[in-house]
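> Please see the structure below; I have some questions.
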Amino acid sequence: MSDANLRLRTLVGHRLFWPVAVLVAMLAANTIYRPGFLAIEVNNGHLYGTPIDILRLSAPLILVALGMTLVISTGGIDLSVGSICAISGAIACLYISEAPDQNNLGMVFTALAMALGVALVLGAWNGVLVSIIGIQPIIATLILMVAGRGLAQLITEGQIITINSGPYRAIGLGHFLTLPLAIFIALGAALLIAAFTRRTALGMIVESVGGNREASRLAGIRSGRVVFLVYVVSAACAAIAGFMITANVSSADGNAAGLWVELDAILAVVIGGTSLAGGRFYLSGTILGALIIQTLTTSVYAMNISPQTALLFKAVVVIAVCLIQAPAFRAKFGRRRRGTPPPPAPSPQRQKEEVPA
Amino acid sequence: MTDSRPVLTMTGISKSFPGVRALHDVDFRLFPGEVHALMGENGAGKSTLIKVLTGVYGIDEGVIILGDEQVAFSGPMQAAGAGVSTVYQEVNLCPNLSVAENIFIGREPRRFGAVHWAEVRRRARALLTRLDLDIDVTAPVASYSLAVQQMVAIARAIDVRAQVLILDEPTSSLDAGEVEQLFRIMRQLRDEGIAILFVTHFLDQVYRIADRITVLRNGTLVGEYPTAELPQLALVEKMIGKDLDVLERIEEQPRPELATLEEGTPFVEVSQLSRRGAVAPFSLTIHAGEVVGLAGLLGSGRTEVARLFFGADRADHGDVAVSGEPASLRNPVQAINQGIGFCSENRRAEGIIPDLTVRENMILAMQAARGWLRRIPRRRQDELVDKYIKALSIRPANPDMPVRNLSGGNQQKVLLARWLITEPRLLILDEPTRGIDIGAKAEIQKLVVQLSDGGMAVLFISAELEEVLRLSHKIAVMRDREMVAHLVNDDTVDADRVMQTIATGTQREEANQ
């Protein structure tokens, strides 16, 4: 019993507690600034409101970040996810735009399957570069990060492809059971990956490879295959995120789709408690991290902070989140923090007072 | 030469680290124009002595006199400036820089404030000519063999008008021809009056090159001897620290007779297995239920043999048969599929996954063998993990604790459990008792006996002869990367004889077929 208690305490006290606390603090700060922030209304049988928007808009980031979590757990990193978003979105939109009937469901599925297939090939390319050829992950995926944008431009021929396809639009804006469909897609992917890693031994093996690659090899793990696999999974997640991003605006822009999403995804993973050095990974933490980032973005817009200062504001909060998660920092300032609210909470409030002035 | 004044005198050197007395009242002298071998087992204090000399560590007590002055260097750079240069085992050059750049890195000759590259190249060429080496000094160091790289490191060391040159295991990665080349240069430098301090694990090399030997054991000085007056056997005795005639007879446990064990097909039979730079061709058979000990000094090739058996390294040549059928052990997966398990001597780097829990570390090998899709059911995991936590008395008995929080001995037991769970037919234990407390040590020894009684074959490697003698049915003796003898561990074999074999390598060999 006390063992279970101890485990619970370590879990809550050290891992998910602070991300949750930060998220709650941000929501609270928003509500104070704008009392209607948390209000949800029913319209046409669908739920609407800022919290729903946050969930919907964070769906692509959650997807990308989930794949990124596995990659980072093996001690790697995948910078190419943004480009893969753009490519998959471009392929799907191109195929749909050339179809005689853009609302044909079967045709849309063909488009998705094609784009997903290409993404898997791109993921396999990353996987081969890292696991077989042995290029450092940051360099290997940088290749596709840069070249992939070009590839996306090539597919769209430098144009923004606009489509008018109901089924495709639904991926980003559709509803299911009163909630945006995107939420269910992200949730489904999260459950799938969780089952994939935690119901099988894959998760442990990924963590083992990330924790000590040589020891894993000597325990009989074919670490090359595991590393290859996580890059393919990451690309698949990025492709689905790419569908959402393009479906949101019913157009594919090779330049803008998924731009810098890799950085937000890495951030979400780190906020979620997975170490960039590899080893243990936390899918739930990653999802929380993605929600924190999206809430932050939404708050910044809601508070009318100018886009120039928004990035700085984001940076401040991110540093604060990372610091309070660092055991060394907590140990140092733990005594002072007790009795006062967590650091990020005051900072949005301060911002809030400054803005109207 | 020896009647001249020593260039270096270290007197009464003591150095402690928290909980360990690394050096205690050690004296050491070095004369100009001699090659002086510093000998001792692992942990005897050789590298600590070198490090206090070159200022990597401060000394607690004692005096170091170089030439006529008392010195206390603040670090290797200052020591090198004063004429005490060190070439380390792993050549620490920048592989991507040119030979000339490496030699003069940090002290490039300058002209008008800029590096005088022509001068750098000219002086590098002159230095290497002195070492009888004619290579392109503008080519990157990485393009040359390890031996040449070693020479370049030596060239860098002697350029600073060295009086004392410390070579810390310079030959460990060189082949025979390359060693010869190095020795030629060492003799030449010696004849020029440089005092060379030579650390090696290869006994033969000591007798080929050293004029004088200083032996350390457990941080204390055993003695200083002219090489000619110290036979190899006496040297090994002094290093290991047991006087042969007072060595106790090790109590034999009632064991199955080797002859009975060796009836029938051996489980593994390797013939002429070898890997360049690691171990010379060797043959060994291991039968079910048999404990084969590998004896030899550190660096004699024990671990290398074990790694070839497990496929951790690939053999260049040789044949393997498992249960009489030709087999391949080219990677760990193949070895595991044949029923072989391997506990590395390097627990931290090659054994535990520190972040994972005791449970996960234990089931890792079994899970890897099953493939990730077929997860071991939780209940089965609990059964296995509980069983081995109890059987090996692992403490704390908490399967969900990260393994990094366990003590060394308990981590070792977790690794043992990892392999025992896979029910191997051959378990390779490389130094399973090193660095763990005496209680855990006894438990692991007892376990080895139990396992072999149960029909498991064990390849047992240990630096402690007593342990090897107590547990093994037969002993393969390693010496200078060669398997020099197979001894049947019967009444005629004792530590005395094994030590003689380690020392001379010329004991009569016995066929064990």
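> If I require 20 Å or longer along the helix axis, counting alpha carbons, and a Kyte-Doolittle average no lower than 0.5, what helices from chain A are left? Use full DSSP H segments.
Flagged H segments are A:17-33, A:50-73, A:81-97, A:105-127, A:137-156, A:223-249, A:283-302, A:307-325.
> Between B:Arg348 and B:Arg374, how many nm apart are label points set 7 Å from Cα along the C-beta direction?
Computed distance between label sites B:Arg348 and B:Arg374 equals 3.7 nm.
> Compute the distribution of all C-alpha to C-alpha distances in chain B, in bins of 20 Å from 0, and list the percent of pairs in each, rounded to whole numbers.
21, 48, 28, 3, 0
> For the protein assembly as shown, what does the accessible surface come to per residue with a 1.4 Å probe? Please give it in Å².
43
> Reported to two decimal places, what Rg/Rh ratio describes region A:43-283 when computed on Cα atoms with Rh from the Kirkwood expression?
Ratio of gyration radius to Kirkwood radius for region A:43-283: 0.99.
> Quantify, in whole percent, the carbon and sulfur part of the accessible surface of the protein assembly as shown (1.4 Å probe; protein heavy atoms only).
The C+S portion of the solvent-accessible surface of the protein assembly as shown is 56 percent.
> Per DSSP H run of n ≥ 4, the term is -39500 (n - 2.57); total these for chain A, divide by its residue number, and report the mean residue ellipticity at 222 nm rounded to 500 deg cm²/dmol.
The per-residue figure over chain A is -22500 deg cm²/dmol.
> Now, a different point. Got the relative contact order for chain B handy, in percent, Cα pairs under 8 Å and 6 or more residues apart?
About 14 percent, as a whole number.
> Have a look at A:Ala90, A:Ala190, A:Ala201 and tell me which one the Gaussian network model of chain A (Cα, springs below 10 Å) gives the largest fluctuation.
A:Ala201
> When the dipole is taken about the Cα centre of region A:195-341, and only Lys, Arg (+1) and Asp, Glu (-1) are charged at their Cβ, what size is it in debye, to the nearest 20?
Roughly 860 debye, rounded to the nearest 20.
> Let me ask something additional. Work out the FRET efficiency for A:Thr162 and A:Phe109 from their Cβ-Cβ distance, taking R0 = 22 Å, and round it to the nearest 0.05.
With a Förster radius of 22 Å, E is 0.60.
> Hey, got the dipole for chain B? About the Cα centre, +1 on K and R Cβ, -1 on D and E Cβ, debye to the nearest 20?
Rounded to the nearest 20 debye, it is 2000 debye.
> Then there's this: At q = 0.12 Å⁻¹, work out log10 I(q)/I(0) for region A:127-212 with the Debye formula, treating every Cα as an identical point scatterer and leaving solvent out; two decimals please.
Taken in order of the listed q values, log10 I(q)/I(0) reads -0.73.
> If you take the accessible area of A alone plus B alone and subtract the pair, what total do you get in square angstrom, rounded to 100, with a 1.4 Å probe?
2200
> Go through A:Val269, A:Ile84, A:Met303 and say which Cα lies farthest out towards the positive end of the charge dipole of chain A; charges sit on Cβ, +1 for Lys and Arg, -1 for Asp and Glu.
Selected residue: A:Val269.
> What are the residues of region B:324-372 that lose 40 Å² or more of accessible area, with a 1.4 Å probe, going from their chain alone to all protein chains?
Relative to the lone chain, where solvent access is computed with a 1.4 Å probe, region B:324-372 loses at least 40 Å² at B:Pro332, B:Val333, B:Glu350, B:Ile353, B:Asp355, B:Leu356, B:Glu360, B:Leu364, B:Ala368, B:Trp372.
> If you filter region B:101-200 for trypsin sites (Lys or Arg not before Pro), then keep DSSP loop positions with at most 15 other Cβ within 10 Å, what is left?
Here the trypsin sites (Lys or Arg not before Pro) that fit, given the DSSP loop and packing criteria, are B:Arg107, B:Arg161.
> Dipole of region A:147-279, Cα-centred, from +1 at each Lys and Arg C-beta and -1 at each Asp and Glu C-beta, to the nearest 20 debye?
Here the size comes out at about 460 debye.
> How high is the FRET efficiency from A:Val42 to A:Ile132, r the C-beta distance, R0 41 Å, rounded to 0.05?
0.15
> Follow-up. What does the convex hull of the alpha-carbon atoms of region B:29-124 project to on average, in nm²?
Dividing the Cα hull surface by four gives the mean projection, 8.8 nm².
> Treating only the Cα positions of region B:348-423 as identical point scatterers, give the base-10 log of I(q)/I(0) from the Debye formula at each q in 0.17, 0.20, 0.25 Å⁻¹.
At q = 0.17, 0.20, 0.25 Å⁻¹ the computed log10 ratios are -0.55, -0.77, -1.20.
> Run the quick spin-label model on A:Arg225 and A:Ala315: label points 7 Å from Cα toward the beta carbon, then report their separation in nm to one decimal.
Once both label points are built, they end up 4.5 nm from each other.
> With the Cα gyration tensor of region B:372-513 in hand, give its eigenvalues times 5 under a square root as the equivalent ellipsoid semi-axes, listed largest first in whole angstrom.
For region B:372-513, the semi-axes come out at 34, 16, 13 Å.
> Which order do you get for B:Arg359, B:Arg275 if you rank them by accessible area with a 1.4 Å probe, largest at the top?
From most accessible down to least: B:Arg275, B:Arg359.
> Can you list, bin by bin at 20 Å, the percent of alpha carbon pairs in the protein assembly as shown, starting at 0?
13, 34, 34, 17, 3, 0
> Quick one: among A:Phe196, A:Phe184, A:Phe228, which has the greatest mean-square fluctuation in a GNM of chain A with alpha-carbon springs under 10 angstrom?
A:Phe196
> Comparing A:Leu105, A:Leu122, A:Leu61, which has the greatest mean-square fluctuation in the GNM of chain A with Cα pairs linked when under 10 Å apart?
Top of the fluctuation ranking is A:Leu105.
> Still on this model: If you average the sequence gap of Cα pairs under 8 Å that are 6 or more apart and divide by the length of chain A, what percent do you get for the contact order?
31
> Right, next: Taking a label point 7 Å from the Cα of A:Leu263 along the Cα→Cβ vector, which residues of region A:296-317 have an amide N closer than 11 Å to it?
A:311-312, A:315
> Okay, moving on. Need one number: nm distance between label points at A:Leu142 and B:Glu69, each 7 Å from Cα along Cα→Cβ, rounded to one decimal.
Taking the two extended label points, one gets 4.7 nm.
The values are calculated or read from the model by the stated rules, or taken from the named source; none is laboratory data. Note that this is a predicted model, so its numbers are computed, not measured. Positions of Cβ are backbone-derived with ideal geometry, glycine not excepted, and every protein chain shown enters the neighbour counts. In case anyone asks, the SASA skips ligands and DNA or RNA and just uses the protein heavy atoms, side chains included. Shrake-Rupley method; radii C 1.70, N 1.55, O 1.52, S 1.80 Å.
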